[in-house]
1. Check whether at least one residue in the stretch 65-87 is under 14 Å from L6 (Cα atoms), among the hydrophobic types (A, V, I, L, M, F, W, C) and outside any helix (DSSP H, G or I), and report yes or no.
2. Got a sec? Which of L30, L16, L5, L35 is exposed (fewer than 12 other Cβ atoms within 10 Å of the Cβ), of a type in the set (A, V, I, L, M) and at pLDDT 80 or above?
3. Tell me, which residue of the stretch 77-103 that is surrounded by fewer than 14 Cβ atoms within 10 Å (Cβ to Cβ) and among the aromatic types (F, W, Y) is modelled with the lowest pLDDT?
4. Can you pull out every residue in the stretch 48-76 that is touching a Pro at 6+ places or on another chain (Cβ under 9 Å) and open to solvent by 30 Å² or more (accessible area, probe 1.4 Å)?
Amino acid sequence: MQNLLLWVLVTFGVTLGITVSDIFKPVRKLFTNSLQCCGEEEENNSKIKAFIGTLLKCPMCVGFWVGLFSGIFWFSPTSYVVADAFLCSATCWILHKYFSRAF
């Protein structure tokens, strides 16, 4: 039980750090402030950058990837990496919604 609680706190902390912290803000801005150019290749790059910028602001999306990578490289509370990803995604979404309304 302690391992699961530790895993939830660590993955939520990483997700929160990526999605809303000031430390990661320059990286989020790098992807959200994409320039629009007239070339087709540049337009596709700006669409990709905008898509990544949207993902970097979403705690559910980032939580999925944090859960996936933590299950692969650190600790897997469920022994199934994909289940870890979905568990982290749901947990991060619920905690983010709770804490964003609490403060």
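The values are calculated or read from the model by the stated rules, or taken from the named source; none is laboratory data. Everything numeric here is computed off the predicted structure, so don't read it as measured data. Cβ atoms come from the backbone with ideal geometry, glycine included; neighbour counts cover every protein chain shown. The area values use the complete protein model at the heavy-atom level, side chains included, leaving out ligands, DNA and RNA. Shrake-Rupley method; radii C 1.70, N 1.55, O 1.52, S 1.80 Å.
1. Within the stretch 65-87 (the criterion being under 14 Å from L6 (Cα atoms), among the hydrophobic types (A, V, I, L, M, F, W, C) and outside any helix (DSSP H, G or I)), the answer is yes, since at least one residue qualifies.
2. Within the list L30, L16, L5, L35, the selection yields L5.
3. F103
4. None; the set is empty.
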